[in-house]
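Here is the structure we will look at.
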Amino acid sequence: MADDDVPFNPGGVMRAYRDHVISVLGYQLPPVKSGAELIELAKRTAGPALEPEHGLSTEPPFPGKAEVPEEMPTGWRMICACTLRHRGVERGVLFTTFVGGRKTTVVLNAPGTVIPDEYKPLASR
């Protein structure tokens, strides 16, 4: 079966992006003492090699736009979001949750899911 014939696999995509974050930052994120430190960690996950290899693209580039980091009882938390395309077709919106000292989660929501207006490009934070 040619690569173009492989059907889109949402679960596989979520695992691939999560595994990318793990490969860059570790299974559990390092603890952070500020929102600024969490932003710097998230920025390190930009540009995963898996995208061109599998016909994927994200807008804005993964991990995308970010909310303002928030201090929670479990540590600093920030959610990022970007639109995911597979071979040019929108397949959903990836939401990635970064929490200092915890595992990262990546969830693919339905195509057309709105990224909140308060999320700003991570590169500008």
Examine the stretch 53-69 for a residue that is part of a helix (DSSP H, G or I) and not hydroxyl-bearing (S, T, Y), and state whether such a residue exists. yes
Could you count how many residues in the stretch 95-125 are in contact with a Gly (Cβ under 7 Å, 6 or more places away or on another chain) and either among the basic types (K, R) or not in a loop (DSSP other than H, G, I, E, B) (or both)? 5
Hits in the stretch 98-125 (condition: within 14 Å of P31 (Cα to Cα) and either among the small types (G, A, S) or touching a strand residue (DSSP E or B) at 6+ places or on another chain (Cβ under 8 Å) (or both)): F98, V99, G100, G101, R102, T104
Breaking point among (1) exposed (fewer than 15 other Cβ atoms within 10 Å of the Cβ); (2) touching a residue at least 12 places away in the same chain (Cβ under 8 Å); (3) not basic (K, R), for D117: (2)
Being of a type in the set (S, T, Y) and either in a loop (DSSP other than H, G, I, E, B) or modelled with pLDDT under 95 (or both) narrows Y17, Y27 down to just Y27
Complete set of residues in the stretch 62-85 that are more than 14 Å from P31 (Cβ to Cβ) and either loosely packed, with under 15 Cβ neighbours inside 10 Å or modelled with pLDDT under 95 (or both): V68, E70
List the number of the failed condition for A36; all other conditions in (1) more than 16 Å from the chain's Cα centre (by Cα); (2) outside any helix (DSSP H, G or I) hold. (2)
Of the residues L38, L25, which is among the aliphatic types (A, V, I, L, M) and under 20 Å from Y119 (Cα atoms)? L38
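The values are calculated or read from the model by the stated rules, or taken from the named source; none is laboratory data. The shown structure was predicted, so the numbers you read here are calculated from the model rather than taken from an experiment. Cβ sites come from the backbone with ideal geometry, for glycine too, and all protein chains shown count toward neighbours.
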